[in-house]
1. Of the numbered conditions (1) hydrophobic (A, V, I, L, M, F, W, C); (2) touching a Lys or Arg at 6+ places or on another chain (Cβ under 7 Å); (3) within 18 Å of LEU124 (Cα to Cα), VAL16 satisfies every one except a single condition; which is it?
2. Six or more apart or on different chains, Cβ under 7 Å: which pairs go from a residue in the range 99-116 that's free of Cβ contacts under 8 Å to residues at least 24 places away in the same chain and of a type in the set (S, T, N, Q) to one that's outside any loop (DSSP other than H, G, I, E, B) and buried (at least 16 other Cβ atoms within 10 Å of the Cβ)? Could you list them?
3. Does any residue of the range 49-59 turn out to be hydroxyl-bearing (Ser, Thr, Tyr) and more than 15 Å from GLY8 (Cα to Cα)?
Amino acid sequence: NIKSGIGGIRDIEFAVQFLQMRALHTDEKLHNGNTLQAIQLLASKGLLSPNQAATLSRHYIFLRRIEHLLQVLHDRQVHALPSEGVERDALALRASNEIGTGESFSSYVLHITEEVHTIYEVVLTATDR
């Protein structure tokens, strides 16, 4: 599930909001409802490393794109990737010509969610920020 599954959209949003809430008492300018802008603000304050910010931004954009494509293909809210076949290949081609189809697409999405989850865990377990 690209929205609420491990390493999905909600993990990115939760990590960002967690950092915002932890730091709002020192800087009210960190409050921003736009996730991508908030990521950049957090990085500018040193609450996310430049690499973490770039990774979260890039993956957030990609996962949102997949979410929107799934909804267009199904004409309703869908957050689960097709596991195989023509539908998965069609989604992969619409998402990016560079990733490929089939297993390479599934592997890429898995890689993204693993990277997001790693950052999520670092953010939520860091005690000295």
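1. (2)
2. The qualifying pairs are THR101/ALA92.
3. Yes, the range 49-59 has at least one match.
Any read-out appearing in this document is the output of simple, stated calculations on the displayed coordinates, not a laboratory observation. Note that the coordinates shown come from a computational prediction; the quantities given were computed from them, not determined experimentally. As a convention, Cβ positions derive from the backbone with ideal geometry for all residues, glycine included, and neighbour counts pool all protein chains shown.
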